[in-house]
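Heads up, the thing below is written out as C-alpha cells.
The values are calculated or read from the model by the stated rules, or taken from the named source; none is laboratory data. This one's a predicted model, so the numbers in the text were calculated from it and none came from an experiment. Neighbour counts run over all protein chains shown; Cβ positions are idealised from the backbone, glycine included.
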Amino acid sequence: MSGGAIISYIMDALAVELNNILEGTAAWRLLSGFGKRIYFPRGIIAQSGEAKKAAAKANGTIGMAFSNGKPMLLPGFKRYMPDFEPEETVAYAPTAGNEKLRELWKKLLLQKNPSLNADCTSLPVVAPGITAGISYTAELFLDAGQTILSAEPAWDNYRLIFEERRGGIMRGIQFFDGEGRLNIPEIRGAILEEAKSGAVRIILNFPNNPSGYSPTNAEVAALVDCVNEAASGGADVLVICDDAYFGFFYENDACKESIFSRLAGLHERVLAVKTDGPTKEDYSWGFRLAMVTLGSKGLGREHFDALVTKLMGSIRSSVSCSNTFAQSLFLKLYGDESTNAQKRAFFNILKERYEAVKQFTEAHKNHPRLSPLPFNSGYFMCLRCKGLDAGKLRRRLLEKHGIGTVAFGSEYLRVAFSSIEKELLPEIFAAIYDTALESF
C-alpha cells in the first residue's frame, strides 16, 4: 500500500468498561485522550494477584525467583536489612502500592485535614515521587493544546510536565498583590475566563515553591469560592493540589489544612487531585515515594475505583510499580512511637531558620533592588529583583561568594533556607543584599 500501512485504533474493551462507569461525571469530561484510552490490563499483574490468593501448590505467574516460598535475597542485602523479610524489600510491590500503606496514608490524611470528607475521596495510590504523581495526573487529564493555570513564578518542572510532555499550555497568574497577599481578583479572573471554554484546569502549590507562601484561612475560602463560581456556572474544574511541602507552616495565620479538603466535597463538577507523600514531610527525598488521592462530590466508590484503575494503567505502562523497600520502611516508621517527636525536632530546626530569614528581611525592607515575595512556610523564600537580572545575580553570588541560589527567569531569586544552618543565614543574606547593589 503506497504511503505505508494505515493503522486504525480500536479502544480496548477494558478502557471502554471504565469509561462507561465514569460517563456523565466531571471526571469523564475532563479526561484526556490518553485518559480515555488507558486501562489496567488483566494480564500478568492481575493474574498473579489472583494466583497469590488461590495458588496453594505452586505460583508460576510472576517474574521473580523464589526459594522455600520466599523471594531469593542476597546475603549481603540481608546483612544490611536485618529487620525486614524478603517480601518487604526485593519483591515487587502492587501497582497501586502496598495496601496497608495506602490505607494508613488515608487515615493520616483525615487526621491532618479534619474537614476532609472520607466518602468524597479515593484510596491513595503510591507513585514514585511527587513529580511522577503530577505527571500521571497530567496524562489522565491534560491534552495537547489545553490550558492549565498556575502561579507565576512556578516550579520549573511544571513546564516540563505540562508543556513539553503533554503539549499543554501553561498560563501563569501573578498570585501576589502589592500588599503581600494572594491576588484573589487576578486568580478569580483567570479561572472565570478559562471557564468560558467549558473546563478549567489549575494547579495550586501550597506551601508554594518558590515563594514559600501558604494562604490564610480567609484566602483559602476565597480560592474555594472562585472554583465554586466556575463550577456553578457550568464548567468542569480540575484542581491539582501539589502539597509536596505540606505541614511546614510557621505562622499561626497560615491555613493548616490542604485546600484539597475544601475542594474534594465542593461540587459535582469539581475534581480535585492531591499529590503529597513522605518525600518532604518525612525528610526522605531520595526514597521517591508519593501519594495521589482523588476527590469529588460527584463520584461514588465505583467511579473512584475506575479512576484508580486508569491511574494504575498509567503507572503500569511506565515504571510498573513503586519501590517496595521504601514502602515497607514507612510502615515501620509510622508504627514507631518516637517518629512524631523526631519529626517535630526537625521541624523546629527549620522554623528557627525561617525566623532568622524573616528577621533579616524585616530589617531590610527598604532595599532598592530586592523585595521578598510573601513567605510563611515550606523550604524556601523568593526575592523579586528590581533593576537587575536574577540570573546574573545568581552567577555573581556563586562566583564571588560561593553561595548557591536559583534564578527563576530574570526577575526572581529563590533561596532554600532549609539547607543552610541558622547561624550562617544572616551572613548569607547580607551577602545577597550587598551583592545586589553592585554593578556587574
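Data table
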{"item": "Residues of region 88-120 classified as outside the structural domain of Thr279 (by TED's automatic domain parsing) and part of a helix (DSSP H, G or I), total", "result": "1"}
{"item": "Residues being part of a helix (DSSP H, G or I) and more than 25 Å from Ile169 (Cβ to Cβ) - total across region 214-223", "result": "6"}
{"item": "In region 338-366, the residues that are of a type in the set (Lys, Arg) and under 13 Å from Asp282 (Cα atoms)", "result": "Lys343, Arg344"}
{"item": "Some residue of region 260-277 being modelled with pLDDT under 95 and not charged (D, E, K, R)", "result": "no"}
{"item": "Of all residues making up region 199-253, the number that are among the small types (Gly, Ala, Ser), touching a residue at least 12 places away in the same chain (Cβ under 8 Å) and surrounded by fewer than 20 Cβ atoms within 10 Å (Cβ to Cβ)", "result": "7"}
{"item": "Some residue of region 210-232 being in the same structural domain as Tyr136 (by TED's automatic domain parsing) and modelled with pLDDT under 95", "result": "yes"}
{"item": "Spans of strands (runs of 3 or more DSSP E) in region 121-213 with at least 3 residues closer than 21 Å to Gly247 by Cα", "result": "125-127, 199-205"}
{"item": "Selection status of Ala195, of a type in the set (Gly, Ala, Ser) and out of contact with any helix residue (DSSP H, G or I) (no Cβ under 6 Å at 6 or more places or on another chain)", "result": "no"}
{"item": "Any hit, region 367-382, residues being under 20 Å from Asp177 (Cβ atoms), touching a strand residue (DSSP E or B) at 6+ places or on another chain (Cβ under 9 Å) and without any contact (Cβ under 8 Å) to a residue 24 or more places away in the chain", "result": "yes"}
{"item": "Residues of region 113-131 satisfying the condition of being buried (at least 17 other Cβ atoms within 10 Å of the Cβ) and of a type outside the set (A, V, I, L, M, F, W, C)", "result": "Asn113, Thr121, Ser122, Pro124, Pro128, Gly129, Thr131"}
{"item": "Condition check for Val292: of a type in the set (Val, Ile, Thr), buried (at least 22 other Cβ atoms within 10 Å of the Cβ), in the same structural domain as Ile130 (by TED's automatic domain parsing) and more than 15 Å from the chain's Cα centre (by Cα)", "result": "no"}
{"item": "Residue tally, condition in a loop (DSSP other than H, G, I, E, B) and either aliphatic (A, V, I, L, M) or in contact (Cβ under 8 Å) with a residue 40 or more places away in the chain (or both), over region 336-363", "result": "0"}
{"item": "Test: residue in region 295-309 that is assigned to a helix (DSSP H, G or I) and at pLDDT below 95", "result": "no"}
{"item": "Residue in region 364-372 that is in a helix (DSSP H, G or I) and exposed (fewer than 14 other Cβ atoms within 10 Å of the Cβ) present", "result": "no"}
{"item": "Subset of region 149-196 that is without any contact (Cβ under 8 Å) to a residue 12 or more places away in the chain and small (Gly, Ala, Ser) - its residue that is farthest from Ala254 (Cα to Cα)", "result": "Gly189"}
{"item": "Condition met for Tyr92 (crowded, with 20+ Cβ neighbours inside 10 Å, among the hydroxyl-bearing types (Ser, Thr, Tyr) and in contact with a Ser or Thr (Cβ under 7 Å, 6 or more places away or on another chain))", "result": "no"}
{"item": "Failed item, numbered, when Phe40 is tested on (1) at pLDDT 90 or above; (2) within 24 Å of the chain's Cα centre (by Cα)", "result": "(1)"}
{"item": "Residue in region 383-405 that is in contact (Cβ under 8 Å) with a residue 60 or more places away in the chain and not in a loop (DSSP other than H, G, I, E, B) present", "result": "no"}
{"item": "The listed residue being modelled with pLDDT of 95 or more and either of a type in the set (Asp, Glu) or within 28 Å of the chain's Cα centre (by Cα) (or both), out of Phe375, Phe408", "result": "Phe375"}
{"item": "Residue that is surrounded by the fewest Cβ atoms within 10 Å (Cβ to Cβ) [pool: residues in region 263-286 that are touching a Ser or Thr at 6+ places or on another chain (Cβ under 7 Å) and assigned to a helix (DSSP H, G or I)]", "result": "Trp285"}
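Here is a yes/no grid of residues against (1) surrounded by fewer than 13 Cβ atoms within 10 Å (Cβ to Cβ); (2) touching a Leu at 6+ places or on another chain (Cβ under 8 Å); (3) of a type in the set (Lys, Arg):
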position	(1), (2), (3)
Val308	no, yes, no
Ser314	no, yes, no
Asn323	no, yes, no
Leu329	no, no, no
Ala345	yes, no, no
Leu350	no, no, no
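Residues checked against (1) surrounded by fewer than 21 Cβ atoms within 10 Å (Cβ to Cβ); (2) at pLDDT below 95; (3) aliphatic (A, V, I, L, M):
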{"site": "Gly60", "(1), (2), (3)": "yes, yes, no"}
{"site": "Gly63", "(1), (2), (3)": "yes, yes, no"}
{"site": "Gly76", "(1), (2), (3)": "yes, yes, no"}
{"site": "Met81", "(1), (2), (3)": "yes, yes, yes"}
{"site": "Lys100", "(1), (2), (3)": "yes, no, no"}
{"site": "Lys106", "(1), (2), (3)": "yes, no, no"}
{"site": "Gln146", "(1), (2), (3)": "yes, no, no"}
{"site": "Ser150", "(1), (2), (3)": "no, no, no"}
